[in-house]
Amino acid sequence: MKLLKDRILAEGQALSDSVLKVDVFLNHQVDPDLMQAIGEDFCEHFKDHGITRVLTIESSGIAPAVYAAQALKVPMVILKKQTSKILNGQVFQTNITSFTKGTSYELTLSKDYINKDDKVLIIDDFLANGEAATGAARLVQMAGATVEGIGILIEKSFQNGRTRLEHAGYHVYSQARVSRLGEGIIEFIDDED
Ligand code: 5GP
């Protein structure tokens, strides 16, 4: 998606050869117009998949996911990052290790907001090693629902997330695929425009 790639080039900062900072428009300050365009692009890509729910992970997935859900005319559900297990039987949980923070958390989905007939689009801001997306997909499966696709804003293609998700059989659509990061360097896989 050219619009997103242009913003990454203009405002993104490669903090190292593996971490990209996009706090200006996504992770700290949010550009609603860009998020709306991103949501509409996800809708265009997944519109024939019969999506009934968009799932995302708090907090940076929420802005793009809400616009995708609005465009697809379905509800959006936020997967919560809980610090500990909840033992009341009303939730599905799975343990995730965070790429950026090196900490782990219990990704949590209430049983009230998903059912076995759901066809789910999972949206997240970044794809690195695929921990978060794989965990989100596990929760969907625990609910007996179907993962129709995984939509990512920024894929770091030099990490193994996409390979892992595709090997597990998921349809992955990334709007910007970063092939290389370094001091002053942000390069993309030229897979479109
Ligand atoms: P994964 O679970 O695929 O290993 O990592 C994806 C998660 O880690 C995303 O939800 C995102 O929050 C965070 N993440 C991974 N890499 C980056 C990065 O380069 N920049 C930022 N801002 N977040 C990242």
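The values are calculated or read from the model by the stated rules, or taken from the named source; none is laboratory data. The shown structure was predicted, so the numbers you read here are calculated from the model rather than taken from an experiment. Virtual Cβ from ideal backbone geometry, glycine too; neighbours counted across all protein chains shown. The accessibility values were calculated without ligands, DNA or RNA, using every heavy atom of the protein model including side chains. Shrake-Rupley method; radii C 1.70, N 1.55, O 1.52, S 1.80 Å.
Here's a check for you: in the range 114-149, which residue that is in contact (Cβ under 8 Å) with a residue 60 or more places away in the chain and open to solvent by 20 Å² or more (accessible area, probe 1.4 Å) is nearest to Met76 (Cα to Cα)?
Lys119
Only one of Glu11, Glu40 is in contact with a helix residue (DSSP H, G or I) (Cβ under 8 Å, 6 or more places away or on another chain) and over 28 Å from Asp118 (Cα atoms). Can you tell me which?
None of the other options fit; the residue is Glu11.
Go through (1) modelled with pLDDT under 95; (2) over 19 Å from Leu26 (Cβ atoms); (3) in contact with a Phe, Trp or Tyr (Cβ under 9 Å, 6 or more places away or on another chain); (4) of a type outside the set (Val, Ile, Thr) for Lys111 and report which single condition fails.
So Lys111 meets the others, but not (1).
Out of (1) basic (Lys, Arg); (2) in a loop (DSSP other than H, G, I, E, B); (3) modelled with pLDDT of 95 or more, what's the single condition that is false for Lys85?
Condition (3) is where Lys85 drops out.
Within the range 103-113, work out how many residues are open to solvent by less than 10 Å² (accessible area, probe 1.4 Å) and either free of Cβ contacts under 8 Å to residues at least 12 places away in the same chain or under 17 Å from Ala168 (Cβ atoms) (or both).
Of the residues in that region, 1 qualify.
Across the range 13-34, what is the number of residues that are open to solvent by 50 Å² or more (accessible area, probe 1.4 Å) and touching a residue at least 24 places away in the same chain (Cβ under 8 Å)?
4
Anything in the range 12-38 that is acidic (Asp, Glu) and in contact with a Phe, Trp or Tyr (Cβ under 9 Å, 6 or more places away or on another chain)? List them, or say none. Lay out the reasoning, then the answer.
Just the residues of the range 12-38 that are acidic (Asp, Glu), to begin with: 17, 23, 31, 33.
Result: Asp17, Asp31.
If I go through the range 45-72 residue by residue, how many of them are touching a residue at least 24 places away in the same chain (Cβ under 8 Å) and assigned to a loop (DSSP other than H, G, I, E, B)?
The total comes to 7.
Got a sec? Which of Ala10, Ala37 is among the small types (Gly, Ala, Ser), surrounded by fewer than 14 Cβ atoms within 10 Å (Cβ to Cβ) and away from the ligand (no atom under 16 Å from the Cβ)?
None of the other options fit; the residue is Ala10.
Could you please tell me which pairs satisfy a Cβ distance under 8 Å, a separation of 6+ or placement on different chains, a first residue in the range 73-89 that is over 18 Å from Ala137 (Cα atoms), and a second residue that is polar (S, T, N, Q) and not in a loop (DSSP other than H, G, I, E, B)?
Close Cβ pairs satisfying both conditions: Lys85/Gln93; Ile86/Gln93; Ile86/Thr108.
Scanning the range 54-102 for residues that are of a type in the set (Ser, Thr, Tyr) and within 11 Å of the ligand (Cβ to nearest atom), which turns out most open to solvent (accessible area, probe 1.4 Å)? Talk me through it step by step, then tell me what you get.
From the range 54-102, those of a type in the set (Ser, Thr, Tyr) are 56, 59-60, 67, 83-84, 94, 97-98, 100; that's our starting set.
Next, from what is left, pick out any that are within 11 Å of the ligand (Cβ to nearest atom): 56, 59-60, 97-98, 100.
Numbers: Thr56: 1, Ser59: 84, Ser60: 22, Thr97: 69, Ser98: 19, Thr100: 105 Å².
Checked the range 54-102; the qualifying residue most open to solvent (accessible area, probe 1.4 Å) is Thr100.
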